[in-house]
Amino acid sequence: MTKKNILLFLILCILPFAACAENEPYPQNEFVVSVTTGIPNLHPHAAYNANEAQILTGLYEGLCIYDPYTLQPAAGLAKEWKISADGLTWTFTLRDNLTFENGDPITAQVFCDSFINLLNPALDLPYASLLDCVKGAKEYRTGKTADISHIGLYAESDTSLKISLVYPAEQLANILCHHAFSAVHPSQLKAVTQYAGKSSFSKPSAAFKPIASGPFKIESFTAEKIRLIKNAAYWDTEAVPLPAISILLDEDADKMTEAFNQGTVHWLCGSVNLNKVAAAYTIHVTPMFATEYFYFKTNAAPCNNQTIREALVAAIPYTELRKDYLIPAKTLVFPLTGYPAVPGIDKQDTAKAEKLLKKIPQDEVKKPVKILLPETAFYTEQAALLKNAWEKIGISTEVTTVPFEEYYDRLKMEDYHLAVISWIGDFADPLAFLELFRPDSNLNDSGWHNAEYENFIKKASAEQNRKTRFDYLAKAEQVLLDASVLIPLSHIPAINVIDLSDIKGWYVNAVNIHPFKFIRFAQPAPLPGVALSKGIRSK
């Protein structure tokens with residue numbers, strides 16, 4: 001037999017086996033992800049940060065879920081929904097026989113009770129104001145009425161939920177993908193009173209343990225690791241590829257990077273030393289629908305005076321302030337297709353600052369500006385830059401730094417005038433940022449309110465034409481920037497380290513949320529000229 005015939009014979013022998021292997025599901029193993037966090041707050045009505053949001057994609061599900069690729073709303077516990085012609089009534093049809101992990105039913109009434117719990121006026125829960133489009137929700141949330149029967153949430157049957165709106169809200173389905181609007185077990189609704197306003201815990205025994213409505217449930221919870229296993233009671237459990245997920249709560253960047261290089265960690269979305277990642281193709285740095293900014297507390301002197309804020313903003317050397325950021329920002333809202341360009345904040349004008357301060361009584365000018373920042377070398381440098389710029393125009397400053405795990409709790413206090421925050425839009429709409437500065441918003445840490453700003457937001461909310469709606473929202477953003485309430489720093493990039501040659505169902509997206517339900521292991525794609533030993537990544 002010639003060499004050519006031998007080769008042909010071997011190919012013909014191998015092909016049937018290759019075809020069989022291709023049709024068989026690829027073996028799924030435990031997926032290991034490292035996040036940077038303390039012990040997280042996993043009550044969906046109290047959870048606040050991005051790491052918690054990612055973990056909750058595995059434990060909870062709402063009426064809608066994020067499509068893993070587009071992040072557009074897709075059917076979740078609701079199999080479909082219909083919107084009335086005037087946009088004021090949304091009717092959701094739930095899937096049949098839905099249950100929590102313990103077998104208790106998930107019904108339309110469960111969603112009504114979950115949403116009403118989120119609106120609890122005594123708790124000021126972070127995302128409650130996103131339901132202000134629902135009839136009666138704002139009045140109940142702000143304590144103007146205690147009658148829940150006035151809220152436009154109606155369980156017409158176990159599987160039919162009707163939501164009545166004050167105005168058309170095209171973004172409602174996007175909002176309902178958020179973890180705050182998940183199905184929460186009735187026995188765990190009141191528990192939010194223990195967890196509201198807490199961003200971390202000293203020990204796992206103090207943390208909230210969900211009764212899951214999502215694709216996974218908690219098997220174990222320690223200070224170092226949360227282990228999730230597949231939730232057999234989940235309606236779509238057969239379509240969930242991963243049998244288990246280990247979430248490592250470790251801030252040692254070198255240790256986690258080495259674990260990734262050795263193949264024992266599959267995704268780094270927290271601490272990482274990028275210089276030590278062995279395979280550069282696994283590093284994904286992408287723009288995100290997010291902004292980091294300083295904001296002023298506007299309900300206490302001296303920063304309750306807009307003229308003083310304008311002077312402080314004018315005195316800042318923006319080139320130096322933003323020089324270490326990958327994507328410097330001069331506006332709050334990340335540029336979106338169709339959203340009008342808004343003139344931002346990017347010019348230092350010390351002469352203007354000094355002129356403005358001459359209009360202010362000297363006793364107000366002499367009050368120090370108290371700066372609150374996380375305890376890092378970078379923010380220490382930023383604080384020094386602001387201190388230097390402001391002292392040149394006669395404004396003294398006092399800087400306080402606190403450990404990162406305590407920082408978000410401190411933001412709820414009233415003992416500072418300026419702080420920094422990184423905000424990731426929860427849905428791809430300008431309102432995801434502008435909601436932060438509405439007068440009755442639970443997310444408004446600045447305390448600022450402005451009638452003209454609110455009027456533009458209301459006009460936008462009542463508008464069904466997308467272009468006109470965006471025009472109103474851009475005008476609202478300009479009012480906000482002109483009032484010197486915030487100082488944009490950066491549109492934050494997402495930094496993830498993951499080998500997408502053998503992990504599928506994980507896609508780059510603007511809000512950096514990657515639902516655990518869809519992630520799976522796959523046959524590694526060969527790289528030209530690279531041979532990898534199993535479990536070890538190389539350059």
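Out of all the residues in segment 455-467, is one or more closer than 20 Å to A46 by Cα, surrounded by fewer than 21 Cβ atoms within 10 Å (Cβ to Cβ) and either out of contact with any strand residue (DSSP E or B) (no Cβ under 7 Å at 6 or more places or on another chain) or charged (D, E, K, R) (or both)?
No, because not a single residue in segment 455-467 is closer than 20 Å to A46 by Cα, surrounded by fewer than 21 Cβ atoms within 10 Å (Cβ to Cβ) and either out of contact with any strand residue (DSSP E or B) (no Cβ under 7 Å at 6 or more places or on another chain) or charged (D, E, K, R) (or both).
Here is the figure for segment 479-496: residues that are among the β-branched types (V, I, T) and under 30 Å from L268 (Cβ atoms) total 2.
Going by what's in this entry, would V508 be described as touching a strand residue (DSSP E or B) at 6+ places or on another chain (Cβ under 6 Å) and either acidic (D, E) or in a loop (DSSP other than H, G, I, E, B) (or both)?
Numbers: touching a strand residue (DSSP E or B) at 6+ places or on another chain (Cβ under 6 Å): yes; either acidic (D, E) or in a loop (DSSP other than H, G, I, E, B) (or both): yes.
Spelling it out, V508 is indeed touching a strand residue (DSSP E or B) at 6+ places or on another chain (Cβ under 6 Å) and either acidic (D, E) or in a loop (DSSP other than H, G, I, E, B) (or both).
I'd like to check something: does segment 133-140 contain any residue that is of a type outside the set (D, E, K, R), assigned by TED's automatic domain parsing to the domain that holds V184 and farther than 20 Å from Q171 by Cα?
Taking every residue of segment 133-140 in turn, at least one turns out to be of a type outside the set (D, E, K, R), assigned by TED's automatic domain parsing to the domain that holds V184 and farther than 20 Å from Q171 by Cα.
Under the condition of being at pLDDT below 95 and either outside any helix (DSSP H, G or I) or surrounded by fewer than 17 Cβ atoms within 10 Å (Cβ to Cβ) (or both), the residues counted in segment 469-490 number 0.
Kindly evaluate K225 against the criterion of being out of contact with any strand residue (DSSP E or B) (no Cβ under 6 Å at 6 or more places or on another chain) and modelled with pLDDT of 95 or more. Full working, then the answer.
Working: out of contact with any strand residue (DSSP E or B) (no Cβ under 6 Å at 6 or more places or on another chain): no; modelled with pLDDT of 95 or more: yes.
In short, no.
Looking at D415, D409, just one residue is in contact with a Ser or Thr (Cβ under 7 Å, 6 or more places away or on another chain) and surrounded by fewer than 19 Cβ atoms within 10 Å (Cβ to Cβ), and that residue is D409.
Return yes when E238 is acidic (D, E) and either crowded, with 22+ Cβ neighbours inside 10 Å or assigned to a helix (DSSP H, G or I) (or both) and no when it is not.
Spelling it out, E238 is indeed acidic (D, E) and either crowded, with 22+ Cβ neighbours inside 10 Å or assigned to a helix (DSSP H, G or I) (or both).
Residues in segment 223-234 that are surrounded by fewer than 21 Cβ atoms within 10 Å (Cβ to Cβ) and either aromatic (F, W, Y) or in a loop (DSSP other than H, G, I, E, B) (or both): A223, E224, A232, A233. Out of all the residues in segment 236-252, is one or more without any contact (Cβ under 8 Å) to a residue 40 or more places away in the chain and charged (D, E, K, R)? Within segment 236-252, one or more residues are without any contact (Cβ under 8 Å) to a residue 40 or more places away in the chain and charged (D, E, K, R).
Answer with yes or no whether T397 is surrounded by 18 or more Cβ atoms within 10 Å (Cβ to Cβ) and touching a strand residue (DSSP E or B) at 6+ places or on another chain (Cβ under 8 Å). Taking the combined requirement at face value, the residue satisfies it.
Every residue in segment 447-482 that is of a type in the set (A, V, I, L, M, F, W, C) and under 11 Å from L431 (Cα atoms), please. Steps first, answer last, please.
Kept after step one, since they are of a type in the set (A, V, I, L, M, F, W, C), are these residues of segment 447-482: 448, 451, 456-457, 460, 462, 470, 473-474, 476, 479-481.
Scanning segment 447-482 gives I457, A460, F470, L473, A474, A476.
Among the conditions (1) under 23 Å from Y408 (Cβ atoms); (2) touching a Phe, Trp or Tyr at 6+ places or on another chain (Cβ under 8 Å), the only one that S271 does not satisfy is (2).
Among residues of segment 181-197 that are closer than 13 Å to E101 by Cβ and in the same structural domain as I116 (by TED's automatic domain parsing), those with a beta-carbon under 7 Å from a residue that is among the β-branched types (V, I, T) and in a helix (DSSP H, G or I) at least six positions away or on a different chain give the pairs A183/V110. Residues of segment 91-105 that are touching a strand residue (DSSP E or B) at 6+ places or on another chain (Cβ under 6 Å) and either in the same structural domain as W235 (by TED's automatic domain parsing) or buried (at least 22 other Cβ atoms within 10 Å of the Cβ) (or both): F92, L94. Which of the residues belonging to segment 104-154 are farther than 17 Å from H43 by Cα, hydroxyl-bearing (S, T, Y) and part of a helix (DSSP H, G or I)? Result: S129, Y140, S149.
Looking at this structure, is Y318 surrounded by fewer than 16 Cβ atoms within 10 Å (Cβ to Cβ) and aromatic (F, W, Y)? Judged against the criteria, Y318 is not a match.
Of the residues making up segment 375-405, those that are under 19 Å from S271 (Cβ atoms), part of a helix (DSSP H, G or I) and without any contact (Cβ under 8 Å) to a residue 60 or more places away in the chain number 4.
Among the residues of segment 442-453, are any at pLDDT 90 or above, surrounded by fewer than 19 Cβ atoms within 10 Å (Cβ to Cβ), among the small types (G, A, S) and part of a helix (DSSP H, G or I)? Checked segment 442-453: at least one residue is at pLDDT 90 or above, surrounded by fewer than 19 Cβ atoms within 10 Å (Cβ to Cβ), among the small types (G, A, S) and part of a helix (DSSP H, G or I). Return yes or no: is N305 surrounded by fewer than 19 Cβ atoms within 10 Å (Cβ to Cβ), touching a residue at least 12 places away in the same chain (Cβ under 8 Å), polar (S, T, N, Q) and within 30 Å of E414 (Cβ to Cβ)? So N305 fits the description; yes.
Quick one: in segment 176-222, which of the residues that are aromatic (F, W, Y) and in a helix (DSSP H, G or I) is farthest from Y127 (Cα to Cα)? Steps first, answer last, please.
Step one: list which residues in segment 176-222 are aromatic (F, W, Y), which gives 181, 195, 201, 208, 216, 221.
Okay, now just the ones that are also in a helix (DSSP H, G or I), so 181, 195.
On the way: F181: 9, Y195: 14 Å.
Here the residue is Y195.
When segment 69-81 is filtered for residues that are under 20 Å from I106 (Cα atoms) and surrounded by fewer than 18 Cβ atoms within 10 Å (Cβ to Cβ), the ones remaining, listed by number, are A74, A75, K79, E80. Scanning segment 359-371 turns up one or more residues that are in contact with a strand residue (DSSP E or B) (Cβ under 7 Å, 6 or more places away or on another chain) and surrounded by fewer than 17 Cβ atoms within 10 Å (Cβ to Cβ).
Given S199, S246, which one is within 22 Å of the chain's Cα centre (by Cα) and within 18 Å of P44 (Cβ to Cβ)? Step through it out loud before you land on a result.
Values: S246 fails: within 18 Å of P44 (Cβ to Cβ).
The conditions single out S199.
For Q188, the conditions (1) under 27 Å from A75 (Cα atoms); (2) at pLDDT 95 or above; (3) in contact with a helix residue (DSSP H, G or I) (Cβ under 9 Å, 6 or more places away or on another chain); (4) not hydroxyl-bearing (S, T, Y) all hold with the exception of (3).
The values are calculated or read from the model by the stated rules, or taken from the named source; none is laboratory data. Just so it is clear, the model here is predicted, and its values are computed rather than measured. Positions of Cβ are backbone-derived with ideal geometry, glycine not excepted, and every protein chain shown enters the neighbour counts.
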